[in-house]
Amino acid sequence: MSWKRELEQAASGGRLERDQAVALFAAPLAALGAAADALCRRLHPEALRTFVIDRNINYSNVCVSGCRFCAFFRPPGHGDGYVLSHEEILSKVEEAVALGATEILMQGGLHPDLPLSWFEDLFRSIKERFSVTIHSLSAPEIVHLSRVSGLPTRQVLARLRKAGLDSLPGGGAEILCDEVRRQISPRKCTTEEWLAVMREVHELGMRATATMMFGHVESPAQRVEHLLRVRELQEQTGVFTAFIPWPFQPANTALGGEAASAHDYLRTLAISRLVLDNVANLQASWVTQGAEIAQLALAFGANDLGSTMIEENVVRAAGVTFRMSADELASLVRRAGFSPARRDTYYNLLEILS
């Protein structure tokens, strides 16, 4: 039972290497949870668990990538394809700010006809009218804009930053293993391109999150490979504020299959906490798991519930429709034995809720 030694080592702050982390997939779920919780409490000894108020605006569903796991996208020319106007997006931002949002998360498809200037003008307009953090555009979108504009990704990021982009969400990472990416998203950016964008984000003085979408064609060893690539880049840069693992939602996708179980989700969440000893924050994915499993996640290494997601469309396209308000998230935290706190994009505390 080598996993016992690994769990003791990780819970006490020791670093896990590849084979040790893979061995943890054979550990009992309760033991994994206890170890991840112990490490989480070492990193976050205060009895607070956090969330941010934001809105997730999907500016377009038109995409040339055609990822097999995605139920949201429509190919160019499809009758259901859309692009929101700047006026529509600004209206959505205004609604979100009225509800207390401090962050706007914008992502969309890899649209072949939206130029870099479209995003620059949009970000400038948002910043002129609202005091919000623009946490938007994933690494694949940056790579796509580089191809559309003919500019290096670093120059694309620099121009967007000047226009108002503050932080990058970690979407599009899927599994950071090209063997997997060739099967599920062959036209999306490679592992090295995703990592290179995040390295440039750091060099430009910005921050980002990292994600992992699991439970499709990858092996446990490939999940660990993903975690180690994130940990390595974090060691070099410190760019990541948080890590968010979430399970593939198969409904309405070309990939199909069965959704990962709640046990698999909690196991992967706990292993993520134990491996990523240098990423301070771990988010629970209530959007895919619902309130009960999200509450359990706070005992499996998660210290954060992500955001209220005033609007969410991508997971909804795969048939999952969990919704929670700020009051409901706060209540969930209290029932888990912690005090809820509202944070900003950078995990600065804004308000401890009574």
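Check every one of the strands (runs of 3 or more DSSP E) wholly within the stretch 7-120 and list those with 3 or more residues that are charged (D, E, K, R) and touching an Asp or Glu at 6+ places or on another chain (Cβ under 6 Å).
Ranges flagged: none.
Give me the pairs: first residue in the stretch 115-137 and modelled with pLDDT of 95 or more and surrounded by fewer than 20 Cβ atoms within 10 Å (Cβ to Cβ), second residue of a type in the set (Gly, Ala, Ser) and assigned to a helix (DSSP H, G or I), beta-carbon distance under 8 Å, and six or more apart or on different chains, which are they?
That search, which allows pairs on different chains as well, returns PRO115/SER149; LEU116/SER149; GLU120/ALA163; ASP121/ALA163; ARG124/ALA163; LYS127/ALA163.
Would you pick out the residues in the stretch 190-211 that are within 28 Å of LEU266 (Cα to Cα), out of contact with any Ser or Thr (no Cβ under 7 Å at 6 or more places or on another chain), outside any helix (DSSP H, G or I) and not hydroxyl-bearing (Ser, Thr, Tyr)?
Matches in the stretch 190-211: ALA210 only.
Name the pairs: first residue in the stretch 210-239 and in contact (Cβ under 8 Å) with a residue 60 or more places away in the chain and closer than 17 Å to GLU179 by Cα, second residue among the acidic types (Asp, Glu) and buried (at least 21 other Cβ atoms within 10 Å of the Cβ), Cβ to Cβ under 6 Å, at least 6 apart or on different chains?
MET213/GLU174
Give me the residue from the stretch 138-157 that is touching a residue at least 24 places away in the same chain (Cβ under 8 Å) and more than 15 Å from HIS202 (Cα to Cα) and, out of that set, surrounded by the most Cβ atoms within 10 Å (Cβ to Cβ).
Of everything passing the filter in the stretch 138-157, GLU141 is surrounded by the most Cβ atoms within 10 Å (Cβ to Cβ).
For the structure I just gave you, tell me whether HIS202 is more than 27 Å from GLY256 (Cβ to Cβ), modelled with pLDDT of 95 or more and either buried (at least 17 other Cβ atoms within 10 Å of the Cβ) or hydrophobic (A, V, I, L, M, F, W, C) (or both).
Taking the combined requirement at face value, the residue satisfies it.
The values are calculated or read from the model by the stated rules, or taken from the named source; none is laboratory data. These numbers come from a predicted model, not from an experiment. When we count neighbours, we look across all protein chains shown, and the Cβ atoms used for this are built from the backbone with ideal geometry, even at glycine.
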